Amino acid sequence: MQHNAIMKVKIEESWRRELQGEFDKPYFAKLVDFVKAAYKSGPVYPPAKLIFEAFNRTPFDKVKAVILGQDPYHEPGQAQGLCFYVPPETRTPPSLVNIAKELGRMPDLLSWADQGVLLLNATLTVAAHRAGSHQNKGWEVFTDAVVRLLAEKRENLVFILWGSYAQRKGAIIDRTRHFVIESAHPSPLSAHRGFFGSRPFTRANDFLSAHGIAPIVW
């Protein structure tokens, strides 16, 4: 094997070990070429150094829960590499407003990530002002592999799947090994169809506590 063919991706070390097989696949090389070209022609979000921020904040062996998003936010200053998170100085997006309503307070998503909540978008980059612009370029294959690795190599994780997109992505998860919480998406278009009142945070902590895992301070 040609060792110089191994793709070097700047990502937290435990994730590098788990995902090296993906980095070495032809689709990922094509994805890297696409993403590099996109950033050169830009603007693209999140900032390039934050593409793998969810992984860097939440190492593989520290994951307790996974929340699956779809696309990064596509307006300036919003996307930071963690699904649903925007910096405090940025206007709160409607879905995050509804998450706060269900929780009863504005969440600190950075604290979530640092406690073991993997805030994973299905697509990790997006062109400015163009929702979905980097879909079907390879990111979904990569993040499917992330979900599969967690589902197969870890036990007693909580997967929070809001909306039909996340639920399709989570269909491979073994419900006998993990706790899967499904409901409508917190988007204003659907939150009243089953997100409000679904108690995902309480249910997640009840499951973690029942399995001897420290609950998350949501």
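Taking the numbered list (1) of a type in the set (Gly, Ala, Ser); (2) open to solvent by less than 40 Å² (accessible area, probe 1.4 Å); (3) within 25 Å of Phe179 (Cα to Cα) in turn, Gly104 passes all entries but (2).
Taking the stretch 43-79, which residues are aromatic (Phe, Trp, Tyr) and assigned to a helix (DSSP H, G or I)? I'd like the intermediate steps shown before the answer.
Quick first cut of the stretch 43-79, residues aromatic (Phe, Trp, Tyr) only: 45, 52, 55, 60, 73.
Correct list: Phe55, Phe60.
Filtering the stretch 152-177 to residues that are surrounded by 19 or more Cβ atoms within 10 Å (Cβ to Cβ) and over 14 Å from Asn121 (Cα atoms) leaves Leu157, Val158, Ile173. Under the condition of being of a type in the set (Val, Ile, Thr) and buried (at least 21 other Cβ atoms within 10 Å of the Cβ), the residues counted in the stretch 31-62 number 3. If you take the residues in the stretch 63-90 that are over 25 Å from Gly170 (Cα atoms) and of a type outside the set (Asp, Glu), which one is surrounded by the fewest Cβ atoms within 10 Å (Cβ to Cβ)? Checking each candidate, the answer is Pro88.
State yes or no: is Arg148 free of Cβ contacts under 8 Å to residues at least 24 places away in the same chain and exposed (fewer than 14 other Cβ atoms within 10 Å of the Cβ)? Give the derivation first.
Working: free of Cβ contacts under 8 Å to residues at least 24 places away in the same chain: no; exposed (fewer than 14 other Cβ atoms within 10 Å of the Cβ): yes.
Judged against the criteria, Arg148 is not a match.
Of the residues making up the stretch 164-206, those that are over 23 Å from Asp61 (Cβ atoms), under 16 Å from the mean Cα position of the chain (by Cα) and free of Cβ contacts under 8 Å to residues at least 60 places away in the same chain are Ser164, Gln167, Arg168, Ala171, Glu182. For the stretch 18-29, the criterion of a residue being among the basic types (Lys, Arg) and either in a helix (DSSP H, G or I) or loosely packed, with under 15 Cβ neighbours inside 10 Å (or both) is satisfied by no position. Pairing each residue of the stretch 123-138 that is over 13 Å from Ala38 (Cα atoms) with any residue that is modelled with pLDDT of 95 or more and exposed (fewer than 15 other Cβ atoms within 10 Å of the Cβ), provided the two are 6+ apart or on different chains, yields C-beta distances under 6 Å for Thr123/Gln135; Gly138/Tyr27. Quick check, is Leu118 under 14 Å from Thr58 (Cα atoms) and under 16 Å from the mean Cα position of the chain (by Cα)? In short, yes. Does any residue of the stretch 195-208 turn out to be in contact with a His (Cβ under 7 Å, 6 or more places away or on another chain) and closer than 12 Å to Glu102 by Cα? Checked the stretch 195-208: at least one residue is in contact with a His (Cβ under 7 Å, 6 or more places away or on another chain) and closer than 12 Å to Glu102 by Cα. All told, Ser198 falls short of being open to solvent by 30 Å² or more (accessible area, probe 1.4 Å), small (Gly, Ala, Ser) and farther than 22 Å from Asp71 by Cβ.
The values are calculated or read from the model by the stated rules, or taken from the named source; none is laboratory data. Small disclaimer: the values here were computed from a predicted structure and weren't measured. Positions of Cβ are generated from backbone atoms using ideal geometry, with glycine treated the same way; all protein chains shown enter the neighbour counts. Calculation scope for accessible area: heavy atoms of the full protein, side chains included, ligands and nucleic acids excluded. Shrake-Rupley method; radii C 1.70, N 1.55, O 1.52, S 1.80 Å.
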